[in-house]
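Chemist: The structure follows.
The values are calculated or read from the model by the stated rules, or taken from the named source; none is laboratory data. Everything numeric in this text was worked out from a predicted model, so none of it was measured. So basically every Cβ, Gly included, is an ideal-geometry build from the backbone, and we count neighbours across all protein chains shown.
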Amino acid sequence: MEKEIYVIGHKNPDTDSVASAIAYARLKRELGEERVTAAMAGGLNPQTTWLLSRLGIKAPLYLADVHPKVRDVIQRTPVTVQEAAPLLTALELFHHHGIRILPVLDQRGAPTGVIPLLKIAERSLATGPASLRLVTASLDSLAACLEASFLAGSGEAAVETLHLFVGAMAEESFNAKIAGFDPVNLVVVTGDRRSIQLSAIERGVRLLVVTGGLAVDEEVVRLAAENGVALLSTPLDTAATVSRARLATPAGHLAEPGFESVTVGAPLGRLREKLLHSGETAVLVLEEDGTLAGVATKSSLFAPLPYALILVDHNELSQSVPGAEDLEILEVVDHHKLGNPPTSNPIPFITAPVGSTCTIVASLYEEHRVTPPSDIAALLLAGILSDTVILKSPTTTGRDRDAVSRLAALAGLDWQAFGAEIFAASGALSGYGSPDRVVVSDFKLFNQGEIRFGVGQVEVFGFAEFEEMKADLRGALASLREKEGLEVAGLMVTDISSESTMFLMEGGQGYSRFMGYPQPEPQVFEMKGVMSRKKQLVPHLIKVLGGR
């Protein structure tokens, strides 16, 4: 089965992350890989929302997490038996399919129990005369199992415990044989022995079965009806009838009601726990409405997952969509420092010290000699202009500038005017809706030894709005720091017009004196000339937190 491939950026995606995912997924499809979908690991920020609307491009698929689910590994074609079906049917299913457990379903398709193969084997090993004579069945299941039709009486679904006798002897001997049994619990199997038939009817046995498809006198049929004796005619011979009668027990009567189950939407880890620790050989997988979806065994845990990832604009699992560590990562396209997870196979890992992942994606279009359409060219252009702050960031390289020139020509845009338009449309903090959204809109986690810290960044035109919202932003940072268990949580508010940043820092008070920037007030640092989180602030924080 061909996998679905998701091209996905980091959590709290920015424009570069979203644009590179959309553009690279489009390139993959142009190159013939049809099952490639652009995805995002968080909601769109105001800038990206405006941009996609401006270009008429659909937002990527939102994936809150990619943790494998039980539905990803089960086959939805389980071997099952209806609860009214005879044991004979269950045996045939065990034989033909090589299974070890058989779910028993009600009319709605929900499991009422399971029949383990061991239970069938134990039942087949019964050897005593008394146990061999017992038939636990309903008249309905007996008729079905014997391929028989009622000549008198009618079928009933109630399960009864009956004693089976074969009338293959003289009438006197037969009567002596059954003398000690209550007739209402007897099943008599015979051929065209009229005397045995009449004797059984006279005694009022529960069921009389005439074998071989032999004709039954009308008088016998009449007397059976008058005496309340059910009369069946079967085409099977006597030996087959006796053998099958013992296999007429309805499956529902044999089912063990206690069984392990999970829903299709449960995490795969829950199924793993049940299979490895419950002692059960199989777990029933249920649809949300309780009907059976499939049967999972330990081999299900080795089934290949139906989807995989291509990571763009990041290569660290701490920044990836939750669950990425459980999936196959096919490629990485990024422009950040390395912190990538190990992979089981060699993969394309495309990275370069440029200002934007979109610069790398644009070069991949060139490498494959695919000309991006004007909307994708404009999208890639926007990703570069956003991440390099209209080529003003110190992360900007000659490759970024060359890509901007090429993409602007393809898109028919003045890149400087387009860049100004992008930031003008999204440079207000109020556009995020709440201080919490400002803080998390482009928040990334980092590590320095055992110290975990995180830094978010937003671009603005002037700091007036920041001054008004500063207290609320500090509160949102404090909540995020506590939630993530961070030593330090910070927010870069970068003014494009003055090319400087106000850095709001929560936690890490002991490191404040090592920051080396003016503090207009406690935990607020004025950083003139600082515009890049990746190249300027984060390397500086790593030195400060590392005591260097």
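Chemist: Listed residues 437, 406, 452; which is charged (D, E, K, R), under 20 Å from residue 42 (Cβ atoms) and either over 38 Å from the mean Cα position of the chain (by Cα) or part of a helix (DSSP H, G or I) (or both)?
Modeler: 437
Chemist: Something else now. Here is a list of conditions, (1) surrounded by 18 or more Cβ atoms within 10 Å (Cβ to Cβ); (2) in contact (Cβ under 8 Å) with a residue 60 or more places away in the chain; (3) within 25 Å of the chain's Cα centre (by Cα), and residue 77 meets all of them except one; can you say which number that is?
Modeler: Failing condition for residue 77: (1).
Condition check ((1) modelled with pLDDT of 95 or more; (2) surrounded by fewer than 15 Cβ atoms within 10 Å (Cβ to Cβ); (3) within 39 Å of the chain's Cα centre (by Cα); (4) aliphatic (A, V, I, L, M)) across all residues:
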| position | (1), (2), (3), (4) |
| --- | --- |
| 412 | yes, yes, no, no |
| 426 | no, no, yes, no |
| 448 | no, no, yes, no |
| 456 | no, no, yes, no |
| 460 | no, no, no, yes |
| 467 | no, yes, no, no |
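Chemist: Any chance the range 266-279 includes a residue that's in a loop (DSSP other than H, G, I, E, B), over 16 Å from residue 71 (Cα atoms) and out of contact with any Cys (no Cβ under 6 Å at 6 or more places or on another chain)?
Modeler: yes
Chemist: As an exercise: evaluate residue 325 against (1) out of contact with any Asp or Glu (no Cβ under 8 Å at 6 or more places or on another chain); (2) at pLDDT below 95; (3) outside any helix (DSSP H, G or I) and give the number of the one condition it does not meet.
Modeler: (3)
Chemist: Any idea which of (1) part of a helix (DSSP H, G or I); (2) buried (at least 17 other Cβ atoms within 10 Å of the Cβ) is the one residue 285 doesn't satisfy?
Modeler: (1)
Okay, residues lined up against (1) under 30 Å from residue 272 (Cβ atoms); (2) assigned to a strand (DSSP E or B); (3) under 19 Å from the mean Cα position of the chain (by Cα):
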residue	(1), (2), (3)
5	yes, yes, yes
11	yes, no, no
16	no, no, no
20	no, no, no
24	no, no, no
27	no, no, no
33	no, no, no
49	no, no, no
54	no, no, no
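Chemist: Suppose we filter 190, 127 for residues that are modelled with pLDDT under 90 and either of a type in the set (Ser, Thr, Tyr) or surrounded by 17 or more Cβ atoms within 10 Å (Cβ to Cβ) (or both); which single one remains?
Modeler: Of 190, 127, the one residue that is modelled with pLDDT under 90 and either of a type in the set (Ser, Thr, Tyr) or surrounded by 17 or more Cβ atoms within 10 Å (Cβ to Cβ) (or both) is 127.
Chemist: If you don't mind, there's one more thing I want to ask. I need the full set of residues from the range 211-221 which are assigned to a helix (DSSP H, G or I) and in contact (Cβ under 8 Å) with a residue 12 or more places away in the chain, in order please.
Modeler: The answer is 220, 221.
Chemist: Which residue out of 357, 343 is within 31 Å of the chain's Cα centre (by Cα) and crowded, with 21+ Cβ neighbours inside 10 Å?
Modeler: 357
Chemist: Out of 38, 64, 90, 84, which single residue is touching a Phe, Trp or Tyr at 6+ places or on another chain (Cβ under 9 Å) and either part of a loop (DSSP other than H, G, I, E, B) or aliphatic (A, V, I, L, M) (or both)?
Modeler: Every option except 38 fails the conditions.
Chemist: Can you confirm whether residue 214 is buried (at least 17 other Cβ atoms within 10 Å of the Cβ) and either under 17 Å from residue 145 (Cβ atoms) or in the same structural domain as residue 157 (by TED's automatic domain parsing) (or both)?
Modeler: no
Chemist: Inspect the range 168-178 for any residue being touching a helix residue (DSSP H, G or I) at 6+ places or on another chain (Cβ under 8 Å), at pLDDT 90 or above and more than 16 Å from residue 90 (Cβ to Cβ) and give the result as yes or no.
Modeler: Within the range 168-178, none of the residues are touching a helix residue (DSSP H, G or I) at 6+ places or on another chain (Cβ under 8 Å), at pLDDT 90 or above and more than 16 Å from residue 90 (Cβ to Cβ).
Chemist: I need the full set of residues from the range 179-204 which are in contact with a Ser or Thr (Cβ under 9 Å, 6 or more places away or on another chain), among the β-branched types (Val, Ile, Thr) and not in a strand (DSSP E or B), in order please.
Modeler: Passing the criteria: only 196.
Chemist: Exactly one condition in (1) assigned to a strand (DSSP E or B); (2) closer than 29 Å to residue 53 by Cβ is false for residue 445; which is it?
Modeler: (2)
Chemist: So, of the residues in the range 364-387 that are closer than 14 Å to residue 20 by Cα and among the hydroxyl-bearing types (Ser, Thr, Tyr), which turns out to be surrounded by the fewest Cβ atoms within 10 Å (Cβ to Cβ)?
Modeler: Once the filter is applied, the top-ranked residue is 365.
Chemist: Among the listed residues 308, 303, identify the single one that is within 24 Å of the chain's Cα centre (by Cα) and surrounded by 16 or more Cβ atoms within 10 Å (Cβ to Cβ).
Modeler: Just a single option satisfies the conditions, and that option is 308.
Chemist: Restricting attention to the range 230-265, and to residues there that are outside any helix (DSSP H, G or I) and in contact with a Pro (Cβ under 9 Å, 6 or more places away or on another chain), which single residue is farthest from residue 205 (Cα to Cα)?
Modeler: Among those residues, the one meeting the criterion is 261.
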